[in-house]
1. I need the full set of residues from the range A:188-218 which are more than 14 Å from chain B (Cβ to nearest Cβ), under 17 Å from residue A:489 (Cα atoms) and part of a loop (DSSP other than H, G, I, E, B), in order please.
2. Determine which single condition residue A:472 fails, assuming it passes every other condition in (1) without any contact (Cβ under 8 Å) to a residue 24 or more places away in the chain; (2) under 30 Å from residue A:201 (Cα atoms).
3. Of the residues B:351, B:369, B:376, which is within 14 Å of chain A (Cβ to nearest Cβ) and either outside any loop (DSSP other than H, G, I, E, B) or in contact with a strand residue (DSSP E or B) (Cβ under 6 Å, 6 or more places away or on another chain) (or both)?
4. Any idea which residue in the range B:235-254 is nearest to the chain's Cα centre (by Cα), counting only those that are surrounded by 20 or more Cβ atoms within 10 Å (Cβ to Cβ) and within 9 Å of chain A (Cβ to nearest Cβ)?
5. Of all residues being more than 7 Å from chain A (Cβ to nearest Cβ) and within 29 Å of residue B:368 (Cα to Cα) in the range B:255-272, which is surrounded by the fewest Cβ atoms within 10 Å (Cβ to Cβ)? Just the residue, please.
6. Could you list, in sequence order, all residues of the range A:175-196 that are in contact with a helix residue (DSSP H, G or I) (Cβ under 9 Å, 6 or more places away or on another chain) and surrounded by 13 or more Cβ atoms within 10 Å (Cβ to Cβ)?
7. Consider only pairs whose beta carbons are under 9 Å apart and that are at least six residues apart or on different chains; among these, list those whose first residue lies in the range B:538-556 and is in contact (Cβ under 8 Å) with a residue 60 or more places away in the chain and whose second residue is crowded, with 18+ Cβ neighbours inside 10 Å and part of a helix (DSSP H, G or I).
8. Looking at A:67, A:81 in this structure, which one is out of contact with any helix residue (DSSP H, G or I) (no Cβ under 6 Å at 6 or more places or on another chain) and without any contact (Cβ under 8 Å) to a residue 24 or more places away in the chain?
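The values are calculated or read from the model by the stated rules, or taken from the named source; none is laboratory data. Small disclaimer: the values here were computed from a predicted structure and weren't measured. Note that each Cβ is placed from the backbone with ideal geometry, even for glycine, and that neighbours are counted across all protein chains shown.
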C-alpha cells in the first residue's frame, strides 16, 4: 500500500529514498533510476545496475554513505523545468526510465499519467490537465525528477535501516526490464525503529506461510500454479469452521444459503456493467464445444440478482437475504501472489440483502452486530470507516436516497458503539459503505469485513418489488462479507494467533499420548478416542514408541489445545490430568478429571467458541 | 444412450426406423436422410425436408402409411456395394448426407469412422481397417446404406408409436445443417407399449424441470448460460443435506475433508495424462495478466495427489482418505444440456483413498456399506456392476495386482450381499471398478455411485510410502462418489420422490397456518415459529388473509411434510393436530400433540432420516 506524501513521516521517508539514490549514484555512477516512493513504514527505490547485483552485504556500505550525506545536512532545492527540457535532462543524464515517464506525461498529460499509475509510482503531475512543467529536487550533486515535498535538508530524516533487496519489473510488467528494489524502513525515533524491528522479528516467527507448512495447513504446487492454494484436512477444518461461524451469525438474521456456479456467460457482466469496468481483470473461459464466451466469476452479486429476479417479490417479502461462501477468481499478477495473503482463488463469505429504503438501518444493524460478535470471538479489535459520497457528479443514484442511507449507516454504527471514523468522498460511485479494520496481536491493522450499499446494480438488472401501493419499485442491495476472503483472513488470523488456535478452531483439539505400546494401553486409548468422537471432539492418538516426554513436546509443537497421557493410573481410575496449551490457561497446576466430564467440558468450550480453558 | 443392435428388440426397432424412412420418402420424395439409429425404447431418423416442417399433426399420417408397409410384409434384402459404387448411388439418389458419410469412410477407413462416431450414428463399417465394401438393405422401393441386421420382413416389428420431432444438427455440430429428428418408441407387445406410455405420462408429471420451477428449487438464466443452474434457498438445502449425508457416511470411515481450487495450470493434467486424452473436453482459462495456461478442473484426483505428496507417508499412515464435495466443469455441448440431468457445473461428492494392496478389500467394504446405507435411506434399490479387465494389452498395471484386486472387490460385494453382475472387459485401463445402478419409483434405472481402483495415477505422480521393510512403494488410489453428481442425482431424486421429500430433506419441514390475522394469533404463531427454530426445524408461517382451506391446499401444493393450523383452540390448549403429507402416513385420523413433543418428534425424524411419519 502506497501512502500519501502529506505527513511529516512520509516526507522524511521519501527524502531518505533520495539520499539512498544519491549514495547509489556515488557507488555505481551508471545506475539508472526507476521510481522511489514511500511505502508502509519506509521507502524503496528501483534501480537498474546492469550486471551488478546488490545483496544484503552491500547494505552496511550504503548505510554508511547515507549517514555521511545526512551528516552533511545538504538542503533539498526545488526547481522546475518545461517538460521538453526535462526530457532533454533525462537523455543527457542517461536516465531512460525517467525519460519514458516524462514522455508518457508529455503525450497525454494527467489523464494518461493516472492510468499509468505514474502518480502513485512517485513521480509528479503538475497542473490539472496538460502537463507543461515538472519539478526536480536537488541535494548535493544528486538531482531527481520529483513531485516533492521534501524535508528542508538531509539532516532532518530520523533513523532508518535498509531491509532487503528484491527483483521488480519496471512498472510491474513482467515483459519489462527487471530492476532491483532496495527497501528501507524509517522512523522519527530510535525507539520506534527498534520496536518496529522487534515486531518484524515476531512477525517472522508468526509468518503464516511458515506456520502453514509446520502445522500442515495448506499446500502449493508448481503444477497447479501460484495463487492457487490447496488445503489439507487440518486447513480445511479452519476454513469450514470459520465459514460456518460466519454463516451462523447471518442465518440468525434471516440470511439463506444459495448456490451459483463459478462461471457465467459474459452477458451477465455486460448487464451489470462490470465488463466495461473490469473486463481485463477477468479470467476468460474458452468453450471448445460451443461458441459461448464465458468468464470465471470475480464476484457473486450479478448471479444472486438472477435468483432474486426469478420470482415476483412483494414489499412484505423484503428483505430477501442470500448468503454464499464460495470461491471467486481474480487474475492477479503472479508477482503479487504470496502465501494466502493474495491468491487467485478467493473464497468469500459473501452475502446480499435486497431491501426497501426504510429497512436499511435494521439490516446494517444486524450485519454490524454479526461482525462484532465474530471479531470479539476471535479476539481482534475492530475499527470501522464510514465512507460517504463527496462533491462532484460521479455518484449514481438519487441524492435524497444517499442522504437517508448515510444517516441510517451512521445511526447503526452509533447504536453498535463501534470505534469509527468518517471519510467524505470515499464511497463507491454506487453507494456508501462501511469498512472494518481489525488489529492483530502484534499491532498491525488489516482490512477485513465490509458492508456496502448499492443503488445501481438493482436498477441495472431491473429488479423490482410490488410496493404497498401496488406500484413497482426497485430494491436496494446490501453487499457484505464478515471474514472477507477466507484465504486472506486466514493469513491474518494464523499470524494473529501464531497458530495457537482456540479450541473451536483447532484442527486437532485433543491428543492422547500412550505411555507404552502394550496391548492393554492401546486398547484403552482407542476406547477413549471413540468416546471423544462421540462428543464430536477432534482427537488423535500418539502411540508411537518415542518417550512420553518426546510425545508431549510433539503435542506442544503441533499447538494442540489439550493432551492427556494414558498409562496404568488412567486405565485403573478412569481419571485423566489434561495438559493445557500454555496460552489457554493461567493455572500452573493440573487437576484430575473424570474422562467423560472432561470431554463434556471440551465439547462445551468448542460450542461456545471460547479462547481460554475453563478447567 | 445408444443401444447395441444385437438383441431382437433393437433389430426390430431399427427396422422400424427404415419403415418410417420408407414412408417419409413416399410422402416427401425429396427427403434427404441422415442417420436412423436405435435408442432407448425406440428409434429415430434424422431427415432434411428443406422448407417443410413436420409436426405432431403429421404423425397419424406417417403411422398409417407405416402400418401399410408393415401389412405388406416386405422382405428386408441385404446387398453389398464397393465403396465407390455406394458413393455413386448416393449421388444418383441425391442423398448428400449418405455421400458425406461414405466419403469419410473411404478417406480413412475404420479409424476415422470411429473418431467420427459414424458407427454409433447408425452407419456401417465393414472389415477391420480399410473399408472396401458397404452393405445396403432394401424393403419394397426403399434402399438404405446400413450395417444391419434387420428383421426378415416388415411384418415382424411389434407395436410402435411416433412420439415427437425435434431439431438436430447434422452430426451434432451446431455449424452444420439443422435436420428434423423424428422419434418413435416400439415394443414387442401392446401391453409393454401401454405400460411404457403410462410410465412416460407419470414421468412427465414428475419432470424435475417442472417440479424445480413449481417448488422453486433452481433457476436458469440466459445471461449466465445453459448447463449452469443456480440454486434457490430451497434447492440449496437439498444440495447441502445430501452432501452432508454422503460426507458423514464416509467420515465415519476416516475420510477427511480437503479443499482444492477449481482451476490449475495445464501442467497438472500433462503429468496425469488427462491432457493427452481429454484436452479438447476441457474449459481453457486465459489469464490476461500472465502467460499461465490454465484450465478448469474436470476432476479432483490430480489435485488431491498434490496434498498426499506434500508429506512423507509411512505404511502405518495408510489409508490416507480425502473427501471433497466440489464443482468440476466439463465442456458439454449445449444441445445435450437439459435441466439438471446434464450440466456444465458438476458438483461431485468425490473421495480418494490412498492405500496398500492388502487394504483394498476393507476400503471397498466401507464404501459399499456407505452406499448401501445411503440408497436404502433414500429408498432406491441398488444393483452393481463389477467390471473386470478383459483380454488384450490395453490394461496398465501389474497383472497379479489386477487379479488380487478383482478378487478383493468381489469378496467385498459378496459380504455386502449386493445384487450384482460381472462384466469382463468393462474395466478402465487403469483398474477394475464397481458401478451402482439405482431403480426409481417408476422403474427407470440410473447410474449413480461409482468405486474405481486406480493403479496408474499414483505412478504417474510418483506417489510413495515407506513400506514396513523401509523400501519406497507406490500406493493404490480408490476414486469414489456416492451420489455421483449432485445435480444429476437431484434430477433423478426429484422425479423419484415427485418432489415429496422426506422430512430430513424437505426445504420446508413445517408450515404454521393461522386461522385469522388477529394480533393474538400472529403473536402466538411467531412464538411457535421461534420454538420450532430452537429444534432446528425449518418452519414458516402462512398468516396471509386467505381462507384456512386455501392455506392448507397451498401447503399441499408445496408438498410440506407437516402443517399445523393455529387458532383459538391451539392458543388455549398448547396442543396441535398436525396434518401429515399423505405419502408419509397410513393413518387417516389426526391426533393431538403437545407442541414441544411434536417438535421433538420432527427433530428426531429428521435426524434419523426416516421416510414415514412416526406420529
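1. A:207
2. (2)
3. Details: B:369 fails: within 14 Å of chain A (Cβ to nearest Cβ); B:376 fails: within 14 Å of chain A (Cβ to nearest Cβ).
Of B:351, B:369, B:376, the one residue that is within 14 Å of chain A (Cβ to nearest Cβ) and either outside any loop (DSSP other than H, G, I, E, B) or in contact with a strand residue (DSSP E or B) (Cβ under 6 Å, 6 or more places away or on another chain) (or both) is B:351.
4. The residue in question is B:239.
5. If we take residues in the range B:255-272 being more than 7 Å from chain A (Cβ to nearest Cβ) and within 29 Å of residue B:368 (Cα to Cα), then B:272 is surrounded by the fewest Cβ atoms within 10 Å (Cβ to Cβ).
6. Selection gives A:176, A:177, A:179, A:182, A:184, A:185, A:186, A:187, A:188.
7. Listed pairs, sorted by first residue: B:538/B:237; B:538/B:532; B:538/B:606.
8. Unique residue meeting the criteria: A:67.
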